[in-house]
Each structure stands twice: as structure tokens, then as C-alpha cells.
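*Asks:* Here you go, one structure.
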Amino acid sequence: MTVELTATTHPLPPTPIPADGPVDTSPICGTPSLQTDLDPVWAAVVACTRVRGNDIHLPISLAFAERLVAAHPEANAMLVRVAILLHDTGWARVDESKIISEGFSGDWRKAEIRFEHERKGCEIAREVLPPLGYDARFVDEVVAIIDGHDTRAEAHSLEDALVRDADRLWRFDHAGIALASGWFGLDPATYCDRLRAEIIPELLTEAGTAMGLAHLDRSVALLKTAVLR
Ligand SMILES: [Fe+2]
Ligand SMILES: [Fe+2]
């Protein structure tokens with residue numbers, strides 16, 4: 001069986017990238033990823049989701065990716081969805097003891113373990129996708145997005161940009177704040193401050209920025225970060 005796909009990426013427009021389709025800023029739990037076409041891919045990487053909160057991070061990020069694709073109907077939706085699903089699976093093949101000690105302190109985006117989880121993620125994509133019927137060109141496109149997703153300064157395509165925004169947006173949901181604040185050793189209020197100051201400006205799409213701000217505003221109210229600081 002070969003999965004029918006067009007594997008073409010689209011050039012990166014100037015940022016911030018305006019939306020061409022609907023922008024949904026409501027709570028992400030209202031629109032989970034309900035399509036079952038990627039279930040075989042999920043099933044192939046279950047073990048890789050048991051590391052570094054991937055079983056929380058990856059499904060929430062996929063839900064955000066599907067919203068971003070709706071806002072950008074010109075994008076290759078399958079490429080974005082598969083790339084976000086697999087992008088962090090490589091954490092399962094690195095030295096787990098270094099994930100927190102090296103992956104979340106100092107210049108964490110340039111830590112060797114970051115490069116390593118990207119390389120291992122590419123390896124996993126090349127292992128799991130071909131037997132499921134994804135053709136070689138599509139796999140190459142997925143790998144091109146996974147490679148450098150944390151350590152590369154810039155996005156290479158519209159699809160790459162959507163994956164990058166989805167990879168950040170999960171953090172603005174309260175589940176993301178609960179997990180990621182602990183990784184950085186920060187209390188939720190300080191972490192929310194950092195999200196607003198440092199991560200919102202990194203978002204590449206106008207849709208992503210609107211979703212991030214709406215989720216952050218709800219999360220800071222819910223978690224009472226104005227007084228719990
Ligand atoms: Fe990553
Ligand atoms: Fe990630």
C-alpha cells in the first residue's frame with residue numbers, strides 16, 4: 001500500500017505570515033485531533049512517547065498543527081501533521097539523564113543533546129514511515145523539517161513554519177505550562193512571564209500568535225499567576 005500524498009513544500013512567506021483561512025483561538029481541548037489516518041504512525045512510536053512528556057506534548061501540538069493548517073489551506077497538511085507527530089520522538093534515543101540537565105539549562109537550544117534528539121528523530125521517521133506506505137520524497141520532506149527544528153535559526157518553508165509554531169503553542173495551554181515550567185525549574189507565574197516575553201515573539205504566523213495569546217491569557221487567569229508569584 002502506498003499512501004497518496006503530494007510532498008511539495010511551499011516557500012516561506014514573509015513573517016509574520018497572515019492567515020488565509022479561519023483562525024480558531026478557543027481552548028485547544030475543544031478541537032482534539034480526531035482523524036484516525038495517523039493512528040498507524042502513532043502506534044509505531046508509542047514507546048517514544050513515554051519520554052519527556054511526549055505523550056502530552058505531541059498530541060496537543062498535533063491539535064494546534066491542525067488548526068494552523070486550517071488557517072493556511074495552501075499548506076501541505078499531511079506533511080505538517082506527520083512532521084509534528086514525529087518531531088520529538090528522538091528524545092527516546094538519547095541519554096535520558098541529560099535531557100533535563102543539558103536540554104533545559106544554559107544555552108539549551110545549542111546543547112549537544114538538542115542536536116542529538118533531532119538526528120535521532122530523523123532516524124525514527126526513516127524507520128517508521130516507509131513500511132506504512134509513505135514514499136521516499138515525503139519522508140525526505142518530513143526529515144528536512146525535523147532536522148534542526150530546535151537548533152536551526154530559521155524555517156525553510158511554510159510547512160516548516162507551521163510545525164515550529166505548533167511545537168511552541170502547546171506550551172500556552174495549562175497542561176503545557178504544568179509540564180514545561182517544571183522542566184525549566186520555574187514556578188508557573190515566572191514561566192508564563194517568559195512565554196509572553198520570549199516565546200510569543202518567536203511565533204511565525206499571525207494565527208499562531210492569536211492562538212498563543214488567547215491561551216496564555218486564559219492560563220494565567222486559571223492558574224492565578226497574578227497572586228501566586
Ligand atoms: Fe525538539
Ligand atoms: Fe517539541
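Read the figures in this text as sums done on the coordinates, not as results from a lab. The structure presented is a predicted model; accordingly, all values stated were derived computationally and were not measured. No Cβ is skipped: glycine too gets one built from the backbone with ideal geometry, and neighbour counts run over all protein chains shown.
*Asks:* Two decimals is fine: what is log10 I(q)/I(0) at q = 0.09, 0.12, 0.13 Å⁻¹ for the chain, from a Debye sum with one equal scatterer on every Cα and no solvent?
*Replies:* With one equal scatterer per Cα and no solvent, log10 I(q)/I(0) is -0.34, -0.62, -0.73.
*Asks:* Right, next: Would you list the membrane-span-like helices of the chain, meaning whole DSSP H runs whose alpha-carbon atoms span at least 18 Å along their axis and whose mean Kyte-Doolittle value is at least -1.0?
*Replies:* Within the chain the helices that satisfy the rule are 54-71, 206-222.
*Asks:* Using the alpha carbons of region 167-212, what is the convex hull volume per residue in cubic angstrom, as a whole number?
*Replies:* Per-residue hull volume (Cα only) is 65 Å³.
*Asks:* Output the relative contact order of the chain, whole-number percent, from Cα pairs under 8 angstrom with separation of 6+ residues.
*Replies:* Computed value for the chain: 29 percent relative contact order.
*Asks:* Something else now. Take the alpha carbon atoms of region 45-60, find their center, do the same for region 75-149, and report the distance between the two centers in whole angstrom.
*Replies:* Cα centroid to Cα centroid, the span is 12 Å.
*Asks:* Positive end of the charge dipole of the chain (Lys, Arg +1 and Asp, Glu -1 on Cβ, about the Cα centre): tell me which of T36, G212, V128 has its Cα farthest that way.
*Replies:* Value: G212.
*Asks:* Also, I was wondering about something else. Do the sum for the chain: with -39,500 (n - 2.57) for every DSSP H run of n ≥ 4, divided by all residues, what is the mean residue ellipticity at 222 nm, to the nearest 500 deg cm²/dmol?
*Replies:* -15500 deg cm²/dmol
*Asks:* Among V45, A83, H156, which residue has its Cα furthest toward the positive end of the charge dipole of region 35-222, with +1 on Lys/Arg Cβ and -1 on Asp/Glu Cβ?
*Replies:* Projecting each Cα onto the dipole axis, the largest value belongs to V45.
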